[in-house]
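The values are calculated or read from the model by the stated rules, or taken from the named source; none is laboratory data. None of the values given here were measured: they were computed from a predicted structure. Here the Cβ positions follow ideal geometry from the backbone for every residue, glycine too, while neighbour counts run over all protein chains shown. The accessibility values were calculated without ligands, DNA or RNA, using every heavy atom of the protein model including side chains. Shrake-Rupley method; radii C 1.70, N 1.55, O 1.52, S 1.80 Å.
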Amino acid sequence: MTRQTLIGGGVVSALAVLFMANAGGYEMRLMSLAGIYTIAVLGYQMALGHAGVLSLAQGAFFGVGAYVTGILTTQHNLDGAAAMLAAMLVAAVLAALVAIPVLRLKTHYFALATLAIAEVVHLLAVNWTTVTGGANGIYGVPPLVLFSIEIASGWPLLVTVWSAVALAAGLVFWRTSGRRGLRLDLARETPLAADVVGINRRRQRFELFVLSAILAAVAGSFQAHAIGVVSPAVTDFALMVTILVATLVGGQQRILGAVIGGILVIHLPEWFRAFDVFYLIAYGAALLLVIIVAPKGIAGFWPRRHLQETHAAQPPPALCCRQASLHCANLRKHFGGVKAVDGITARFTTGQITGVIGPNGSGKSTLLNLLTGLIRADGGTITLDHKEVTSLSADTRARAGLARAFQHPDLVREHRVWEAVMAAIPLSKDSVQAAKDAAAACAHVDLQGQAATLVEHLSPEGLRRLEIARALATVPDILLLDEPAAGLTAAEQDRLAVTVRRLADDGLAIIVVEHGMRFLLPLADTIICLDQGQVIATGPAAEIAENPEVIDCYLGRFEEAAKEAGK
Amino acid sequence: MKFSYGLSMTALAMMVFNTSPAASQNYEIPVLVPITGFLSLEGTAQRNGAVMALSEAADGIKVSAQVADTSTSPEVAVNALSRALSDEKPLAVAASMFGTQMLAMMPIAARAGVPLLTVSGTAKLTELGNPFVFRFFPGDRVVKKAQADYAVTVLNAKRPALIYQTTAYGQSGRAVLKDILAAMGAPLVFEEALSPKVKDMVPALSRLKAAGADVILLHLHSGPSALVVRQAKAMGLQQPILGGSALHQPTTAALLQPAELANVCAESAASPISETSAAFKRFTKTYQETFGSAPDAFALGQYDGMSMMLTGLAAGADTATKMRAWLANNRYQGLAMSYVSDGKGNMAHDAVIICYDGQSLVPAISRRYQNVDGKG
Amino acid sequence: MIGSETLIAAGGLGAAYALAALGFVLIINAVGAVNFAQGDFVMAGGYVAVVAASWLSQNTDVAVIAPGLVILPLVLLAMAVIGLGFSALAYLPLRRRPPMAVFISTIAIGIMLRQSANAFFGAAPQAGPVMVAPGLAGNNGHQLAMIAAALVVIAALHGLLNGTQFGRHLRASAQDPQMAAAVGIPVTRMILATFALAIALAGLAGLLLSHQYLVQPDDGTTYMLKAYIAVTLGGWGRINGAVAGALAIAVFETVVATLVSQVLAEMLLYVLVLAVLWVRPQGLFGKIEGRRA
């Protein structure tokens, strides 16, 4: 524990003691409500901040939690704790059911779909009068009972709610911090990169969405006890806006942000009471101000915590030594009438560097995307180590040993080099092994001294190397590089060629798509030349360079272009 | 009448000749009503009524209104009440007409021992055995009975139809009205629930027409009431319309042309602008001058309620406990009617039916129903 | 039960939704963000109309035959200016930030508009001016004038965007701001013009609706929701699609409410939205992939 944490903890405890000593019923009630909203916000952070989905159903899940609690405690004499568990279960099931069709939608469609769900819940709350009590709602919800102790409002409720906040924060911390958090960043900010390092984004989003609903239901359940009444107001869109506002004002990802947001959103209207009917105008203005001056919420003013490099620099261990092969046969992909890839057959094996060349639009990138699984083939087969992977998703193939670096580095700007690499390492590896793999990946591309550098401060060469390091961190057998030399100076290209050669010598099968013949011809063992989606030549680099057909369709043009550029 | 007159005189005498504690202390009376959100029209009327009554406290009694918004949710109402109770325990609280908010505030008020004075019509409030609720507006069992009676006996309804709101107000009134009409042998032939957001009444009116309704009963808020009246007339529906309290409000009538209001009546507790007595004229004039709008029955109900509380204070009920007992055990002649508790906190037992003549936006009192529930 | 009244009602509702959706879709195209305050601007337009009409009736002696039509230019102008102010508050400070930031700032503006209306005009519903006096065109005259005005505006907008230099610049800066800037189109000015246009359209919707549907501080949410649904069903960012989506919603709501009940109409609309998104994740008429909201 750092000194800062100790001091921070001390200050918070002192404030809490001071508050408890001086607060009356009103202050305690507000603070209890602030805690309740903090729980809802912690949940919402998982959906909005960590999974990156703009859900507008968090208020509905809050309402479901409140209604289940209200109905069970008043009509079925269940005690509060059991009712809360039931509320969590109902919300989880509902969220899971909803998630299946909804989670694949793009942002604004997702927002509308969740809004529609929330409206349906609201209409049910108002109109299904026999169950929900209609617009009047359910009254006389008894205080919460935990282990047969009644939690009265005032300090018992306050302490209980904030203990629940601590538990919820622990849950959020467990699921969203450290290496897990890095992988969430990757999936949210750079989804394609997440796919090719083997992150199952669908599962990640599903888990976070369901957890967010559960926390909303806990908050709703507490609120039912705190207010004693459950009415359609808890399913109203206004409540969703309150949670959204709290999350944005506090911060979308930090636990501290949830606490700040929860406290402010309850207290701000109370502080503005003096403005009479104008107080909600002031509330809106305050919100606008925060959005403008604090883009990451108030918690964003505190610096982000980075994952520290935990492994001292050591000579890099050898890469893999497994014999592996990737094979595609008669691979086809059409976009409308365009035959982007039209019957390509090729084989890539351990220790070999295969260059893929061809004019623009010849199908190079499509081939790479087909091999990595970012797009699905219309025909043909892809086999990895004699196992067919044609219909497998990108992340499954990545876990089977396929890795890829992108042409335009697809990295999270706020990560450090160390974090960007760690993000690619599966969670199944323990932290010691993960650190070893990350250190090795960095060392293999000569980035070992820069572990603490921020991604946004890296040079173009550094970014290119980091892309490769991230791919290596998955400990792949086959590495696909998309135009790794583009935009680099001659000296940088030469250094990169040495690195790539070394990786092949260490036992990787490497596929390089490249325009820069100066870089590729000396490097590649074999070259495949594509034109109009078909292989027009294949063979050793020296041979291909002499092939008249290749010169005609590609290299000739390339040399002319080089001359042009030379002038 | 005589009783309360005497009482007022006694109170006045006490104030003049006694230096009771009431004379030296300033009583802050919380007014916790919705002044923003979908019930802010009614809530603002409540606030105005309460503020006006408190400002007219007799010399020597120092009272002031402490207005706080309860907005649209029970949560905000409970916060407001808990804040109001946090300083000094108030004598009484003028509380929201939003039934759900009342249901949330009642247990807290009971625990604190502070009476709540409201004009909410929601039947449930006084059925829970909470001795701290005092309702100065006739509940659904009074006004809906008047509405049903007028529909059947005066408008000769055989096939009445009801359009009501999907709010606490609407659902509560509908349940009561449906039972009474069935008991009177004129069951509803058609009923439709509308969200307050619905602006297009043609679908509901088309179905109502097809159902062969002979009287259109409404239990809607202000805006929707006006929209139904206007669109019904535009569709050429000839059936008489007998609306809920919202249709007596001057703000609602102002949305319509006088001709559109022909053959339109409404139930209410009172209609201040229709009355011609000097006391009413003074009330209406002062209200208009102070708040820039014409008073309605909600404003008047809250005004009467707070005036009764002031009378109680003058009579020595200077603590919340004494005030509760005083309100529960005394009769008070207010401007709208005579108020007395039925033992459950229902203070108002009279209702009126007002009707528009098609030429003026000021309705006339068509029938007065006194002591409808027999508890007055 | 479905007669001419129902059709006119559906047409009026459709015109209302379409006008709200048009402003909504213009802003989506210009800045890639959902304007959550669009419905509140419809409401604000209604209040501007109420104020302008009462000013008109107090300061002119002649009995105006078509008060709504007379104040129409005034409302458009006032709302266009308000639109500029809106962009200065909610968009310009956030232009380098993701569209989500603009989305949230419009929520804040929406809250301020709603509460200002409540504070300054009170909660009581108010009736705006009629388009044409009832004596002139019968009972349905106002509704028919409303539908006609909406049609004219939609046609005019179509002409503006497709047939004028200004419109081409507007569309160019919406599709690819960097490219537009490179060829010398003043992108920022175009975006501001879009805001002015979008809010003026909301104002027009407010004026047209303020008589038929009255105006109340809380009206905005409904219009915003319907605009959002219309634009989504119509294909994100497609102007004709938004109009088609708006009409489809209005007809659906009116028909279901006439045949079954209003509550069911509302519920089924949302279920329908979910069903459509399930079957066609890109919207009913949508083809291309939209930008981030």
Size of segment A:26-236 as Cα extents on the principal axes (Å, biggest first)
54, 36, 27
Take the alpha-carbon centre of segment A:202-279, take the same for segment A:504-528, and report the distance between them in whole Å.
55
Length-normalised contact order of chain A in % [C-alpha pairs under 8 Å, at least 6 apart]
16
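May I ask for the Rg/Rh ratio of segment A:180-306, computed from Cα atoms with Rh as the Kirkwood radius, given to two decimals?
With Rh from the inverse mean 1/r over Cα pairs, Rg/Rh is 1.04.
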Mind checking the angle between helix A:556-566 and chain A's longest principal axis? C-alpha axes, 0 to 90 degrees, to the nearest 10.
70
Pairs B:Lys145/B:Lys281; A:Lys106/C:Lys226; B:Lys145/B:Lys322; B:Lys145/B:Lys375; B:Lys158/B:Lys344: which exceed 26 Å Cα-Cα?
B:Lys145/B:Lys281; B:Lys145/B:Lys322; B:Lys158/B:Lys344
DSSP H helices in chain C with Cα extent of 18 Å or more along the helix axis and mean Kyte-Doolittle hydropathy at least 0.0?
C:4-31, C:38-59, C:67-86, C:99-121, C:141-163, C:187-212, C:220-233, C:239-259, C:262-279
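What's the average, rounded to a whole number, of partner chain beta-carbon atoms within 10 Å of each residue's beta-carbon in B:201-214?
5
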log₁₀ I(q)/I(0) of segment A:406-475 at q = 0.16 Å⁻¹, via Debye over equal Cα point scatterers, no solvent, to two decimals?
-0.44
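Please state, as a whole number in µm²/s, the translational diffusion coefficient that the Stokes-Einstein equation yields for segment B:59-100 at 37 °C and 0.692 mPa s, with Rh defined as the Kirkwood radius across alpha carbon pairs.
284
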Would segment A:113-271 count as rounded, prolate or oblate if I go by the C-alpha gyration tensor, calling it rounded below 1.5 in a/c and otherwise prolate when a/b exceeds b/c, oblate otherwise?
prolate
Distance in nm between label sites at A:Leu18 and B:Asp373, each 7 Å beyond Cα in the beta-carbon direction?
5.1
Please identify the helices of chain B, taking whole runs of DSSP H, that span at least 15 Å along their own axis as judged from the Cα atoms and have a mean Kyte-Doolittle score of 0.0 or higher.
B:2-17, B:40-55, B:74-86, B:99-112, B:168-183, B:222-234, B:297-314
Cα-based equivalent ellipsoid of segment A:379-436: semi-axis lengths in Å, sorted from largest, via gyration tensor:
27, 17, 8
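Taking the highest mean first, how do the peptides A:181-188, C:179-186 order by number of other beta carbon atoms within 10 angstrom per residue?
Going from most to least packed, we get A:181-188, C:179-186.
Which three semi-axes in whole Å describe the equivalent ellipsoid of chain A, each the square root of 5 times a Cα gyration tensor eigenvalue, listed largest first?
In descending order the semi-axes read 55, 26, 20 Å.
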Across peptide A:136-143, how many C-beta atoms of other chains are within 10 Å of each residue C-beta, on average?
5
Within the accessible area of the protein assembly as shown (1.4 Å probe), percent carbon and sulfur
60
Which of the peptides B:312-321, B:296-305, A:286-295 is most tightly packed, and how do the rest follow, judged by the mean count of other Cβ atoms within 10 Å per residue?
B:296-305, B:312-321, A:286-295
Given a Förster radius of 30 Å and the C-beta distance between A:Glu270 and A:Trp302 as r, what FRET efficiency does 1/(1 + (r/R0)^6) yield to the nearest 0.05?
0.75
Using only the Cα atoms of segment B:205-338, construct the convex hull and provide its projected area averaged over every direction, in square nanometres to one decimal.
10.5
Going by average Cβ density within 10 Å per residue, which order do the peptides B:210-218, C:145-153 take, highest to lowest?
B:210-218, C:145-153
Would you give the gap between the C-alpha center of segment C:179-247 and the C-alpha center of segment A:73-116, rounded to a whole Å?
32
Over the Cα atoms of chain B, Rg to Rh with Kirkwood Rh, two decimal places?
0.98
Label-point separation, B:Asp179 to A:Asp79 (7 Å along Cα→Cβ), nm:
3.6
Counting only other chains, what is the mean number of Cβ atoms within 10 angstrom of the Cβ of each residue in peptide C:29-35?
1
Roughly how far apart, in whole Å, are the Cα centres of segment A:385-425 and segment B:85-118?
61
If you wrap a convex hull around the C-alpha atoms of the protein assembly as shown and split its volume per residue, what is the figure in Å³?
185
Accessible solvent surface per residue of the protein assembly as shown, calculated while the other protein chains remain in place, 1.4 angstrom probe, Å²
37
Degrees between helix A:431-444 axis and first principal axis of chain A (Cα, 0 to 90, nearest 10):
40
Among beta bridges that DSSP assigns inside the protein assembly as shown, antiparallel share in %, nearest 5
45
Which angle from 0 to 90°, rounded to the nearest 10, does the C-alpha axis of helix A:490-505 make with the longest principal axis of chain A?
90
With chain C treated as a Gaussian network of Cα nodes joined by springs under 10 Å, which of C:Met267, C:Met224, C:Met79 yields the largest mean-square fluctuation?
C:Met267
With +1 on each Lys and Arg Cβ and -1 on each Asp and Glu Cβ, how big is the dipole of the protein assembly as shown about its Cα centre, in debye rounded to the nearest 20?
540
In nm², what is the average projected area of the convex hull enclosing the Cα atoms of segment C:4-219?
12.7
Residue of C:Gln216, C:Gln282, C:Gln58 that the Gaussian network model of chain C assigns the largest fluctuation, springs spanning Cα pairs under 10 Å
C:Gln58
By how many nm would the segment from A:Thr310 to A:Phe147 lengthen if fully extended, with 0.36 nm per residue of separation less the alpha-carbon distance?
54.4 nm
Which Cα, out of A:Ile551, A:Leu48, A:Met20, lies furthest along the positive dipole direction of chain A (beta carbon charges, K/R +1, D/E -1)?
A:Met20
Once the Cα atoms of segment A:44-114 are picked out, what are the Rg and Dmax in Å?
14.0, 43
